[in-house]
Every structure is written in structure tokens, then in C-alpha cells.
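K.L.:
Quick one: structure below, then a few questions.
The values are calculated or read from the model by the stated rules, or taken from the named source; none is laboratory data. Note that the structure is a prediction, hence the values are computed from the model and not measured. Virtual Cβ from ideal backbone geometry, glycine too; neighbours counted across all protein chains shown.
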Ligand SMILES: NC(=O)c1ccc[n+]([C@@H]2O[C@H](COP(=O)([O-])OP(=O)(O)OC[C@H]3O[C@@H](n4cnc5c(N)ncnc54)[C@H](O)[C@@H]3O)[C@@H](O)[C@H]2O)c1
């Protein structure tokens with residue numbers, strides 16, 4: 001007789017019950033992950049152990065009528081990781097994305113997460129991961145706000161008023177109690193107005209909308225960027241004021257003079273080294289750089305105009321007190337985050353533990369005894 005294997009299924013509603021909307025818990029969880037990233041107690045995909053993930057990219061055309069074709073935001077991506085420390089677990093986030101989804105009443109991307117026993121590979125849990133992924137994405141700039149933003153910050157500019165920036169703002173405001181005002185900018189006025197209504201209602205913060213990026217940045221102490229690629233987002237160096245904290249979660253371009261003068265802190269320099277390696281391996285470095293958040297930075301590093309990634313600072317190093325974060329109230333600090341499976345596994349594991357403790361979710365049977373054992 002072989003071993004019986006059960007795993008826990010957590011629906012979106014179950015993850016809410018287990019605490020996925022608990023901002024402080026998510027930020028503390030992300031902070032622990034940052035520490036493990038800094039000391040190296042983790043693995044992600046690829047030979048470098050630091051790949052963001054493996055994408056299934058669709059061709060522009062195909063002789064096979066059923067094969068999916070390239071389209072806006074259309075892809076599948078697998079994001080595996082092992083996370084050490086108290087987590088000590090493997091997992092994989094898997095998502096499909098298609099800009100046409102909202103017309104079908106679905107989010108742009110649909111995400112799930114598996115957690116697995118690191119030794120046997122048995123599934124421990126299968127989780128609905130849209131909220132989880134948004135929560136971990138927002139918790140990352142939340143940790144950055146905790147460590148890098150000026151504590152007297154009063155105004156936050158929101159560039160790109162979608163779901164991810166809702167999570168980013170929720171987390172950022174939890175760390176900066178003096179914020180009184182938000183300024184919402186989106187290429188669609190309806191999106192920024194809807195966002196402001198949501199922020200007033202849920203976060204009890206006031207603000208305004210604008211259709212002009214420069215105007216959005218005028219008084220901003222903190223800027224959170226999470227726009228999609230519908231249109232390039234450009235910020236001029238002189239639009240960012242002294243002492244600003246720029247938190248980058250989605251693509252943005254600015255002048256070389258800004259990148260070269262800001263105190264730039266990465267989510268994990270090793271992830272960015274891998275992006276550069278993958279760009280070289282792709283055979284079309286420039287096109288690859290165009291498609292990743294760090295592209296504009298890597299180009300300046302390649303040109304010798306910015307410090308090499310090996311000589312740069314990751315947020316985990318700042319949290320551990322090994323490197324300096326913000327050095328003065330006046331300097332402009334930038335934090336860039338590209339998303340790592342380690343954060344999905346970290347938060348997924350915390351929700352799984354909470355669900356076990358509180359009896360949340362549905363136990364599913366893989367087998368009573370494996371047929372092939
Ligand atoms: N770093 C990470 O871990 C991570 C994780 C998930 C998503 N993301 C990125 O975050 C971004 C937002 O994702 P989302 O799910 O909220 O998308 P979304 O489609 O829900 O919202 C994006 C918003 O950006 C707006 N927008 C597009 N171009 C703009 C521009 N030039 N200026 C201002 N607004 C603009 C759109 O109108 C839309 O309202 C995407 O780029 C996504 O790839 C990053």
C-alpha cells in the first residue's frame with residue numbers, strides 16, 4: 001500500500017478568509033522574503049536560479065487554426081520557486097493573460113498557485129491566486145515605502161489606475177500615515193475617476209484626478225507606477241521633485257539624467273542580472289529590453305553610465321542593515337520591482353498555514369494509494 005496524498009484547495013473567497021487582504025501581514029511576509037533573497041536562501045527558475053519565469057509566447061500567425069495567436073498582453077507564464085527560511089517549500093505560479101478578457105467578465109490575467117512538498121513533490125495546496133498575486137505585488141512597494149520613503153510624505157501620485165496600483169496604494173498608505181492627498185493619472189479619465197472613488201471609499205484618502213503627468217507629479221512625495229503598455233509612460237527628470245520616492249512596479253521611461261542621479265534600489269539585483277543574461281541569449285537584446293521594466297536601466301549600465309548590477313543595492317540588503325537605503329531627505333530615491341515567484345510562494349505559504357489553522361478550504365484527494373507506486 002502506497003502513501004495517501006491529499007492537498008488543500010483554496011478558492012478566492014477562501015484566500016480572503018485566510019488573510020490575503022490583510023495588508024500588514026502581506027507586508028511583513030514580503031519583508032521576510034526580501035531577507036531570504038538577500039542572503040540567497042531561495043531558488044527560482046533557469047540555470048541562474050533567478051529567472052522571472054518561463055513564458056509561452058504565441059506566434060503572429062500559424063497554419064493551425066486552433067493555435068493561439070499573439071495579441072495584446074496575450075501569454076502564459078510559469079513562475080517556479082523554492083523559498084527557504086521558515087517557509088521551506090516549493091511552488092509555481094501559473095497564469096494566462098489576454099487583454100480581451102475583461103469583455104468576457106474576467107480579469108486581464110487569471111492566476112493560480114501550487115505549493116509542493118520540497119522532497120516528494122506532492123501537492124500541498126492549490127490556490128486561486130489573482131488576489132494573492134496582486135497582494136504580493138502591492139506589498140513589495142509597501143516594504144519599499146517602509147524603508148525608503150520620507151516619513152513626512154503627504155502626497156502620492158498614482159500613475160496607471162488599474163488593479164495593481166490599487167494594491168500598491170493600499171500598501172503604501174499603510175506605511176505613510178501622513179499622506180493626505182493622492183493625484184490619479186491614467187490615459188483614460190474614467191479609470192482615474194473610478195480609482196479616486198475607490199480610494200476615497202476604501203482608503204479614506206482624498207485627492208484629485210488629472211490628465212497631465214507633469215501636473216500629477218508637481219507635489220508628489222511618493223510616486224507609484226503601475227501602468228500597462230497601452231501607451232508608453234514618460235516622466236521628465238525635472239518633473240520629479242527633491243526627496244521624492246519613485247516606486248516602479250510597471251514600465252516607465254524617464255531621462256537618462258534621472259536614472260543616473262537617483263539613488264536606485266532594486267528588488268533583487270540577481271533577478272536583473274538574469275534579465276540582462278536572457279536578453280543576450282535571446283539574440284535581440286534591444287527588443288528584449290523594450291519588453292522589460294528594467295530595460296532603460298540596463299541600456300545605461302551597458303553604456304557604462306550607471307553602476308553595474310553586481311555593485312548595486314537590493315532592498316533586502318537595506319532591510320538587513322548591510323547597505324544604506326535613503327541617504328538624505330533631499331535625494332530622489334527610486335525602487336524598481338519586476339515581480340518574483342518567491343513572493344507568491346511566500347504569501348501562498350502563509351495563507352496555506354492560516355487556512356490549515358482555521359479549517360478553511362477544501363481537502364482534495366490526489367490518490368488513496370498511487371497506482372504506479
Ligand atoms: N512588478 C510586478 O510584480 C508586477 C506584477 C503584476 C503586474 N505588473 C504590471 O503592472 C502594470 C499594471 O497591471 P494591472 O493588472 O493593474 O493592469 P490594468 O490593465 O488593470 O491597469 C493598467 C492601467 O494603466 C493604464 N495605462 C496604460 N498606459 C498608460 C500610460 N501611458 N499612462 C497612464 N496610464 C496608463 C490603463 O489605462 C489601465 O487603467 C502592468 O504593466 C503589469 O505588467 C507588475
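K.L.:
Would you confirm, using the coordinates I've provided, whether residue 366 is in contact with a strand residue (DSSP E or B) (Cβ under 6 Å, 6 or more places away or on another chain) and either over 28 Å from residue 254 (Cβ atoms) or surrounded by fewer than 21 Cβ atoms within 10 Å (Cβ to Cβ) (or both)?
P.N.:
Spelling it out, residue 366 is indeed in contact with a strand residue (DSSP E or B) (Cβ under 6 Å, 6 or more places away or on another chain) and either over 28 Å from residue 254 (Cβ atoms) or surrounded by fewer than 21 Cβ atoms within 10 Å (Cβ to Cβ) (or both).
K.L.:
Scanning for something over 30 Å from residue 10 (Cα atoms), within 16 Å of the ligand (Cβ to nearest atom), modelled with pLDDT of 95 or more and part of a strand (DSSP E or B), does the stretch 318-335 turn up at least one residue?
P.N.:
Among the residues of the stretch 318-335, at least one is over 30 Å from residue 10 (Cα atoms), within 16 Å of the ligand (Cβ to nearest atom), modelled with pLDDT of 95 or more and part of a strand (DSSP E or B), which makes the answer yes.
K.L.:
Within the set of pairs 6 or more residues apart or between chains, which connect a residue that is in contact (Cβ under 8 Å) with a residue 12 or more places away in the chain and over 17 Å from residue 68 (Cα atoms) inside the stretch 95-118 to a residue that is part of a loop (DSSP other than H, G, I, E, B) and within 13 Å of the ligand (Cβ to nearest atom) with Cβ atoms less than 9 Å apart?
P.N.:
These pairs meet every condition: 111/129; 112/129; 113/129.
K.L.:
In the list 263, 268, which residue meets the criterion of being modelled with pLDDT of 95 or more, buried (at least 21 other Cβ atoms within 10 Å of the Cβ) and closer than 25 Å to residue 34 by Cβ?
P.N.:
When all the criteria are applied, what remains is 268.
K.L.:
Here is a check on your reading of the model: is residue 178 assigned to a loop (DSSP other than H, G, I, E, B) and either surrounded by fewer than 24 Cβ atoms within 10 Å (Cβ to Cβ) or assigned by TED's automatic domain parsing to the domain that holds residue 95 (or both)?
P.N.:
yes
K.L.:
Only one of 316, 348, 321, 339 is under 28 Å from residue 43 (Cα atoms) and loosely packed, with under 14 Cβ neighbours inside 10 Å; which?
P.N.:
Of the residues listed, the single one that is under 28 Å from residue 43 (Cα atoms) and loosely packed, with under 14 Cβ neighbours inside 10 Å is 321.
K.L.:
Name every residue in the stretch 230-245 that is touching a strand residue (DSSP E or B) at 6+ places or on another chain (Cβ under 9 Å), touching a residue at least 40 places away in the same chain (Cβ under 8 Å) and more than 16 Å from the ligand (Cβ to nearest atom), in order of residue number.
P.N.:
243, 244, 245, listed by residue number.
K.L.:
Now a separate question. Out of the residues in the stretch 104-140 meeting the condition of being modelled with pLDDT of 95 or more and more than 24 Å from residue 362 (Cα to Cα), tell me which one is nearest to the ligand (Cβ to nearest atom).
P.N.:
Selected residue: 137.
K.L.:
Cβ-Cβ distance below 8 Å, separation of 6 or more or different chains: which pairs start in the stretch 145-165 with a residue that is modelled with pLDDT under 95 and end on one that is in a loop (DSSP other than H, G, I, E, B) and more than 6 Å from the ligand (Cβ to nearest atom)?
P.N.:
Hits for this filter: 163/107.
K.L.:
Restricting attention to the stretch 80-130, which residues are under 18 Å from residue 20 (Cβ atoms) and outside any strand (DSSP E or B)?
P.N.:
87, 107, 129, 130
K.L.:
Separate question: Does the stretch 216-224 contain at least one residue that is closer than 23 Å to residue 262 by Cα and surrounded by fewer than 20 Cβ atoms within 10 Å (Cβ to Cβ)?
P.N.:
Yes: the stretch 216-224 contains one or more residues that are closer than 23 Å to residue 262 by Cα and surrounded by fewer than 20 Cβ atoms within 10 Å (Cβ to Cβ).
K.L.:
Under the condition of being closer than 16 Å to residue 154 by Cα and under 21 Å from the mean Cα position of the chain (by Cα), which residue from the stretch 183-210 is farthest from the ligand (Cβ to nearest atom)?
P.N.:
203
K.L.:
In the stretch 166-180, how many residues are in contact (Cβ under 8 Å) with a residue 60 or more places away in the chain, within 16 Å of the ligand (Cβ to nearest atom) and closer than 18 Å to residue 267 by Cβ?
P.N.:
Residues in the stretch 166-180 being in contact (Cβ under 8 Å) with a residue 60 or more places away in the chain, within 16 Å of the ligand (Cβ to nearest atom) and closer than 18 Å to residue 267 by Cβ: 3 in total.
K.L.:
Checking residue 152 against (1) at negative phi; (2) over 14 Å from the mean Cα position of the chain (by Cα); (3) within 11 Å of the ligand (Cβ to nearest atom), which single condition isn't satisfied?
P.N.:
Unmet condition: (3).
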